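The values are calculated or read from the model by the stated rules, or taken from the named source; none is laboratory data. Being a predicted model, the structure only gives us computed values, none of them experimental. Every residue, glycine among them, receives a Cβ derived from its backbone with ideal geometry; neighbour counts consider all protein chains shown. Just so you know, the surface numbers come from the protein's heavy atoms only, side chains and all, with ligands and any DNA or RNA stripped out. Shrake-Rupley method; radii C 1.70, N 1.55, O 1.52, S 1.80 Å.
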Amino acid sequence: MDRSLYVAMTGAGQTLQAQSSVAHNLANANTTGFKAEMAAFQSVPVQGAGLPTRVNAVSQGLGADFSPGAETSTGRELDIAVRGQGWIAVQAPDGSEAYTRAGDLTIDSEGVLTTASGHPVLGDGFPIPLPPYSKLDIGSDGSIALVPLGQGATTVSTAGTIRLVNPDPANLERGPDGLMRTKDGSTPDTDASVKVVSGTLEASNVNPSIALVRMIELSRQFEMQMQGVKNADENAQAATRLLQAG
């Protein structure tokens, strides 16, 4: 059978895979600190006997788009946004260190500082516990100063410092839990040049309009590939009838 059928079938499957990536981006268009997933089609010659007349289009992930999202002022004392390059270190569900730009922090029932998704924020290698307080302030270096509950406004203590890192973007990959990790398993050092802004959140860097246009383009590509499958099948049936007539 003509390999064009398999080329069209592969193209349709890869287009569905690309649509899944775009849909994932659209679903996270309002997720704090989310970085869009990038993908592109690559031409791969079909290997095998015969002339090299067929080329598959394969969707290949290009990693995340690390460009910053828009900053929105919230005035909330536990909201922070990383200014420029850098990441907030958190503890992943498996206990390992991972990284996020989602700065909508909160305090769990045990008094530990966590992200909105429940991942403990790391200080000097450990989660940061916060005692009851009446006022809290997060400095640009991630240091947490607070006024203990029941104390005067002049009684300020340091509860810890959020670990801020800036690993090589080429060495980062997104895990199934949405957190970033280093590809080689290394642990980057704390980077004093990474700064955060308190009372501010970084929005997702997904552009919904562009993502929707891309989804429409992929839908049309899928229809074209399916038409190719149909044409290859019709050609095969016509060739079979000619051979039977002969």
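Worth a mention:
- Flag if LEU179 is touching a strand residue (DSSP E or B) at 6+ places or on another chain (Cβ under 8 Å), of a type in the set (A, V, I, L, M, F, W, C) and over 20 Å from VAL22 (Cα atoms): no
- Scanning segment 67-84 for residues that are outside any loop (DSSP other than H, G, I, E, B) and open to solvent by less than 40 Å² (accessible area, probe 1.4 Å) returns ASP79, ILE80, ALA81, VAL82.
- Taking every residue in segment 130-144 that is more than 18 Å from ARG101 (Cβ to Cβ) and pairing it with any residue that is of a type in the set (Val, Ile, Thr) and outside any strand (DSSP E or B), at least 6 positions away or on another chain, the pairs with Cβ-Cβ distances below 8 Å are SER143/ILE162; ILE144/ILE128; ILE144/ILE162.
- So THR114, is it open to solvent by less than 70 Å² (accessible area, probe 1.4 Å), not in a loop (DSSP other than H, G, I, E, B) and not aliphatic (A, V, I, L, M): yes
- Positions within segment 124-137 being at pLDDT 90 or above and open to solvent by 10 Å² or more (accessible area, probe 1.4 Å), in sequence order: PHE126, PRO127, PRO129, LEU130, PRO131, PRO132, TYR133, SER134, LYS135, ASP137
- Checked against the criteria, GLN60 counts as modelled with pLDDT under 85 and either buried (at least 18 other Cβ atoms within 10 Å of the Cβ) or not in a helix (DSSP H, G or I) (or both).
- Scan segment 85-103 for residues that are open to solvent by 40 Å² or more (accessible area, probe 1.4 Å) and either under 18 Å from VAL194 (Cα atoms) or assigned to a strand (DSSP E or B) (or both) and the total you get is 3.
- Lone qualifier among LEU172, LEU149 - being touching a strand residue (DSSP E or B) at 6+ places or on another chain (Cβ under 8 Å), closer than 14 Å to TRP87 by Cα and not hydroxyl-bearing (Ser, Thr, Tyr): LEU172
- Look at segment 12-26: where a residue is within 17 Å of GLY228 (Cβ to Cβ) and a partner is surrounded by 15 or more Cβ atoms within 10 Å (Cβ to Cβ) and of a type in the set (Phe, Trp, Tyr), sitting 6+ places away or on another chain with Cβ atoms under 6 Å, you get ALA12/PHE222; THR15/PHE222.
- Within segment 181-208, residues that are over 21 Å from THR31 (Cα atoms) and among the hydroxyl-bearing types (Ser, Thr, Tyr) sit with their Cβ atoms under 9 Å from residues that are open to solvent by 80 Å² or more (accessible area, probe 1.4 Å) and assigned to a loop (DSSP other than H, G, I, E, B), at 6+ positions apart or across chains, in these pairs: THR182/ASP168; THR190/ASP124; SER193/GLN85.
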